[in-house]
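Engineer: Submitted below is the structure of interest, expressed as structure tokens.
Read-outs: derived from the displayed coordinates by stated rules, not from any lab. Note that the structure is a prediction, hence the values are computed from the model and not measured. When we count neighbours, we look across all protein chains shown, and the Cβ atoms used for this are built from the backbone with ideal geometry, even at glycine.
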Amino acid sequence: MAKVKIKPIGENILVKRREAVTKTKGGIVLPDSAAEKPKEGEIVALGEGRLLKNGKRVDFQVKVGDKVLFAAYAGSEFKIDGEEYLIMSEEDILAVID
């Protein structure tokens, strides 16, 4: 994976969404409009962590490289150098995939 030029701020996490399935198990090719966007991806970068009132930061429960499941409408989507990414809060992550 190429070096990403984005550094999330605070408790935000940068996630690269997994590629959408374009063919069913039966061999039917799905058009882009019918393909459902996956709700899983890989963590590419982390912010500094959530800032507490006492000035300390809370460490993340996830780390760069973790494969994660996230909420359906989590985060904000954008493209950088033709690659699609999401920036989301750690709260939007539902689980880590082993």
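Engineer: Which far-off residues, 5 or more places away or on another chain, put their amide H under 5 Å from the one on A45, with H placed in the peptide plane?
Structural biologist: So A45 has HN proximity to L14.
Engineer: Under 12 Å from a point 7 Å along the Cα-to-Cβ line of I9: which residues of the range 40-54 have their amide N that close?
Structural biologist: Counting only backbone N, you get 48.
Engineer: Quick one: which residues, 5+ away or cross-chain, put their amide H under 5 Å from the amide H of G75? H built at 1.01 Å from N.
Structural biologist: So G75 has HN proximity to S89.
Engineer: Please go through the residue pairs K16/K37; K37/K79; K53/K79; K7/K56; K25/K79 and name each one whose alpha carbons sit more than 23 Å apart in this structure.
Structural biologist: From the list (K16/K37; K37/K79; K53/K79; K7/K56; K25/K79), the Cα-Cα distance tops 23 Å for K53/K79; K25/K79.
Engineer: Which whole-Hz couplings ³J(HN,Hα) result when phi for each residue of the range 55-70 is put into the Karplus expression 6.51 cos²θ - 1.76 cosθ + 1.60, θ = phi - 60°, listed in order with x for Gly and Pro?
Structural biologist: So the J values, rounded to whole Hz, are x, 8, 10, 8, 5, 6, 8, 10, 9, 4, x, 5, 8, 10, 9, 9.
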